[in-house]
Each structure stands twice: as C-alpha cells, then as structure tokens.
Amino acid sequence: MPTPSNERAPWLMLMALTTAFAMSQAYRTVAAMLAPPLAQDFGLAPQQLGLFAGAFHFAFGALQLFMGIGIDVHGVRRTVLLAFPLTIAGALLSALSPRFEVVVLGQVLIGIGCAPAFLSCTVFIARRFAPERFASVSGLTMGIGSVGLLVTGTPLAWIIETYSWRAGFVALAAGSAASWLLIFAVVREAAPPADAPRLPVMAALRSYAGLFRLPHTLGIVVLALVTYAAFLSLRGLWLGPLLIDRHGFSLVQSGHVALGISVVGMFGPPLFGRLDPGPRTRRHWIVGCALLCAALFVGMALNPGAAGDVAAALVIGMLSGFIVFQYADVRQAYPAAMTGRAMAVFTMAMFLGVAFMQSFTGAIAAVAPGDAYFAVLLAIAALLVAGALAFRWLPAPK
C-alpha cells in the first residue's frame with residue numbers, strides 16, 4: 001500500500017513540471033503587451049507583429065516530435081532540463097536586441113526551450129496517474145499552468161510602462177531560471193534500463209507514420225490546428241492592439257483585461273476536466289464548443305463596443321478550457337503504445353496552428369481596408385468553423 005509521501009511525490013513532481021508550462025504560457029502571450037512598444041521602437045507593420053508572435057509557436061510546434069522522442073529515450077526530467085535553458089538565453093537575447101530580427105531569433109530560441117514544457121506534463125500524467133483520471137488531472141494542470149497568463153497581464157504591462165519592454169524579458173528570464181532550478185531539485189525518475197533498445201532518430205521519426213495511417217488522425221489534427229490557435233491569437237496577439245485602437249484603452253488598462261481573461265481561463269480547464277462527458281458524447285461537445293467560440297469571434301468582429309468586446313473575450317477565455325476534451329479524445333483514440341506519439345503530434349498541430357493563425361491574421365490585418373480587426377476576427381471565426389466541420393465529417397475513431 002503506498003505511503004502518503006509516495007502518493008504526494010507524483011503531485012509534487014507534476015507541480016514542478018507545471019512551472020515550466022506556466023512560463024511557456026507567459027512567453028506565448030507576451031505579444032499582446034509587447035506589440036505596441038515593439039511597433040513603436042522598431043516601426044513595425046501588423047504583418048511583422050504577426051511574425052513576432054508566430055515565431056515562438058512555430059519553433060515550439062516544429063520541435064514536438066523530437067521532444068517526444070527525447071522524452072521516450074531520455075525521460076521527462078532530462079529532456080526538460082536540457083531544453084529549458086534556451087528560454088533563458090532567448091529572453092536575455094531579446095532584452096538586449098538592437099533590431100527586430102534579433103527579437104524574432106530570441107522568440108525562436110524561447111520556443112525551442114519551451115517545446116517539452118506541456119508535453120512533459122501530459123506524458124507524466126499518462127504514466128503516473130490512472131487512465132480514468134487523465135482528463136481531470138490534465139485539466140487541473142492546465143488551469144494551474146495558466147498562472148503564466150496572469151504574468152503577461154497587468155504585471156507585465158506595469159513593468160513595460162514603468163521601465164521598458166526589455167525589462168519585461170529580463171523578468172521572464174528570471175522566472176525561467178527559477179523554474180529550471182525547481183525541476184532540477186524536485187523531479188526524479190528511474191533511469192532507463194541499460195539494455196533498453198534505442199531507436200535512431202530517423203527510425204523514431206518514421207515510427208510516427210503508423211499514427212498518420214489511422215483514418216481518424218486527420219480530423220483530430222485539423223481541429224487541433226485552430227482551437228487553441230483562436231484563443232492564443234486573441235489573448236496572445238490582438239487583444240492589446242484591439243482595445244487600444246478601437247476603444248482608446250491604455251496599455252495598463254489592456255493589461256487589466258488580459259489579466260481578467262487569464263483568471264477566467266485558469267478555471268476553464270479544471271471545470272471542463274470535471275465535466276468530461278466520456279467518449280460517447282465527448283466529440284459532440286467538442287464541435288459545439290468550437291462553433292460557439294466561432295460565434296463569439298463573429299460578435300467581436302461586429303464591434304459591439306468596449307463592454308461587448310471585453311465580455312466576449314472573457315467568455316472565450318473560459319470556453320478555451322474545452323481543449324481538455326480534445327486531449328482526452330486523443331488519449332482515448334489511440335492504443336497505449338501510441339499515446340506518447342499521439343500527444344506529441346496533437347501538441348505539434350496545436351502550436352503550428354498558433355504560428356500559422358497569428359502570421360495569417362497579421363497578413364490579413366496588413367491588407368484589410370477599414371477596420372482591420374473586423375477582418376482578423378472574422379478570419380479566426382471562419383477557421384474555427386472549418387476545423388469543427390472537418391472534425392465532425394472526417395472519420396472518427398472506432
């Protein structure tokens with residue numbers, strides 16, 4: 001029978017790993033507060049702001065398959081400890097950058113460093129907790145990790161207005177260093193057996209082919225490309241500029257709204273984790289939530305006023321927690337031997353989707369006549385509808 005200390009150990013290690021996930025949440029949403037001062041300092045166009053915001057997510061998503069291999073071969077602890085120092089290096093490089101291109105390079109380094117942050121949590125949960133607890137524990141983890149979103153609300157806005165955007169990156173670098181030290185001190189896992197087989201990297205990458213041969217993978221990936229991307233494009237890029245340009249908010253006032261969305265978003269994943277309806281109706285809930293989010297984006301596109309935009313953004317923040325249903329769907333859709341690879345592909349699709357959507361909406365804003373935010377928000381809504389319909393009509397897992 002496990003002792004209380006043995007029961008607490010997985011939770012303590014998971015919470016330590018969640019600090020890295022929280023920092024990755026902070027990094028992926030800094031653009032909402034940094035976009036206005038960066039645009040002013042470097043004379044950036046909307047398309048360049050989209051590139052800045054998307055660079056992190058592209059690097060983060062592109063490395064998921066390799067991080068999945070790293071976790072399988074070297075374990076969660078070693079993979080995170082090896083990769084995460086790049087976040088510190090990238091943040092400091094951004095803080096010292098003399099020109100915009102160096103800031104983008106810093107974002108790429110940060111994205112690579114954060115790449116194993118959430119994947120390590122999901123794999124740890126799958127390995128250390130009972131399968132029936134996956135949705136609730138992962139939902140709780142996502143909720144706690146959303147503390148990182150709080151950092152890029154009012155606190156980051158205050159640092160930027162009081163000091164500079166460079167000071168914001170220095171503060172984030174310090175937080176990353178603290179997280180690395182905590183993981184180093186707390187997380188422990190058994191070393192792999194000396195005679196354990198080690199696949200070469202290319203052979204390990206080819207092992208993903210079996211997952212893509214399953215017909216239901218396409219629908220899962222298509223929807224994954226747009227759901228989290230829609231929320232992050234709003235919270236992580238367009239929220240600050242929209243409130244400032246449309247409604248005359250100050251940067252700190254925009255930070256207050258971002259903080260409110262982040263607080264609401266903290267409760268979404270645990271709530272949806274507890275409300276998980278199970279495999280029989282879960283997919284219907286996923287489609288319904290995605291379409292409801294699309295309707296809210298359409299409402300924001302029509303410029304319902306400052307109160308309407310803030311209210312819709314808050315509801316979107318809460319609804320974003322339904323992504324827990326998607327993770328549970330992936331966990332259910334593949335045999336246990338494929339779970340790690342399936343999670344890696346799903347996470348890769350989510351963050352490549354964020355990179356695409358932020359870059360795409362930046363391009364839309366650059367060419368849109370009149371109210372650029374109308375075009376941006378309508379484009380996000382259209383992508384959500386397309387993803388939901390593909391998920392509904394493409395083959396489902398049996």
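The values are calculated or read from the model by the stated rules, or taken from the named source; none is laboratory data. This one's a predicted model, so the numbers in the text were calculated from it and none came from an experiment. Cβ: placed from backbone, ideal geometry, glycine included. Neighbour counts: every protein chain shown. To get the accessible areas, we keep the full protein, side chains included, count just its heavy atoms, and leave off ligands, DNA and RNA. Shrake-Rupley method; radii C 1.70, N 1.55, O 1.52, S 1.80 Å.
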Checklist entry - Of the residues Met343, Met338, which is surrounded by fewer than 21 Cβ atoms within 10 Å (Cβ to Cβ), touching a residue at least 24 places away in the same chain (Cβ under 8 Å) and of a type outside the set (Gly, Ala, Ser)? => result Met338
Next on the checklist: Go through segment 64-80 and report how many residues are open to solvent by less than 30 Å² (accessible area, probe 1.4 Å) and out of contact with any helix residue (DSSP H, G or I) (no Cβ under 6 Å at 6 or more places or on another chain).
Outcome noted: 1
Checklist entry - Is one or more of the residues making up segment 152-162 within 21 Å of Leu86 (Cα to Cα), under 18 Å from the mean Cα position of the chain (by Cα) and part of a helix (DSSP H, G or I)? => result no
Next on the checklist: Out of Arg274, Arg331, I need the residue that is within 21 Å of the chain's Cα centre (by Cα), open to solvent by 50 Å² or more (accessible area, probe 1.4 Å), modelled with pLDDT under 95 and within 17 Å of Leu223 (Cα to Cα). Which one?
Outcome noted: Arg331
Checklist entry - Before we move on, is Leu259 open to solvent by 20 Å² or more (accessible area, probe 1.4 Å), at pLDDT 95 or above, out of contact with any strand residue (DSSP E or B) (no Cβ under 6 Å at 6 or more places or on another chain) and within 26 Å of Thr18 (Cα to Cα)? => result no
Next on the checklist: Which of the helices (runs of 4 or more DSSP H) found entirely inside segment 215-293 contain at least 3 residues meeting this: within 22 Å of Gly143 (Cβ to Cβ)?
Outcome noted: 227-233, 251-275
Checklist entry - Within the group Val226, Val252, which residue is at pLDDT below 90, open to solvent by 10 Å² or more (accessible area, probe 1.4 Å) and under 30 Å from Gly168 (Cβ atoms)? => result Val252
Next on the checklist: Condition (residue is in contact with a helix residue (DSSP H, G or I) (Cβ under 6 Å, 6 or more places away or on another chain), modelled with pLDDT of 90 or more, among the hydroxyl-bearing types (Ser, Thr, Tyr) and closer than 30 Å to Ser254 by Cα) applied to segment 365-378: is it met by at least one residue?
Outcome noted: yes
Checklist entry - How many of the residues in segment 39-63 are farther than 20 Å from Phe346 by Cα, in contact with a Leu (Cβ under 8 Å, 6 or more places away or on another chain) and buried (at least 20 other Cβ atoms within 10 Å of the Cβ)? => result 4
Next on the checklist: Just checking, does segment 272-280 include any residue being without any contact (Cβ under 8 Å) to a residue 12 or more places away in the chain and of a type in the set (Lys, Arg)?
Outcome noted: yes
Next on the checklist: Kindly evaluate Gly321 against the criterion of being open to solvent by 10 Å² or more (accessible area, probe 1.4 Å) and either free of Cβ contacts under 8 Å to residues at least 40 places away in the same chain or outside any loop (DSSP other than H, G, I, E, B) (or both).
Outcome noted: no
Checklist entry - From the set of residues in segment 86-95 that are more than 16 Å from the chain's Cα centre (by Cα) and crowded, with 22+ Cβ neighbours inside 10 Å, which is farthest from Val187 (Cα to Cα)? => result Ser94
Item to check | Residue that is most open to solvent (accessible area, probe 1.4 Å) [pool: residues in segment 382-396 that are within 25 Å of the chain's Cα centre (by Cα) and not aliphatic (A, V, I, L, M)] | outcome: Arg392
Checklist entry - Does Ala312 satisfy being open to solvent by less than 40 Å² (accessible area, probe 1.4 Å), farther than 25 Å from Lys398 by Cβ, in a helix (DSSP H, G or I) and touching a Pro at 6+ places or on another chain (Cβ under 8 Å)? => result yes
Checklist outcome for this item: In segment 129-151, anything over 20 Å from the mean Cα position of the chain (by Cα), assigned to a helix (DSSP H, G or I) and in contact (Cβ under 8 Å) with a residue 40 or more places away in the chain is listed as Pro131
Checklist outcome for this item: Counting only residues in segment 96-134 that are among the small types (Gly, Ala, Ser) and open to solvent by 10 Å² or more (accessible area, probe 1.4 Å), the one farthest from Val354 (Cα to Cα) is identified as Ala130
Checklist entry - With respect to the numbered conditions (1) open to solvent by 30 Å² or more (accessible area, probe 1.4 Å); (2) assigned to a helix (DSSP H, G or I), which one is the sole condition not fulfilled by Leu377? => result (1)
Next on the checklist: When you scan segment 359-366, do you find a residue that is over 18 Å from Met142 (Cα atoms), open to solvent by less than 20 Å² (accessible area, probe 1.4 Å) and under 22 Å from the mean Cα position of the chain (by Cα), even just one?
Outcome noted: yes
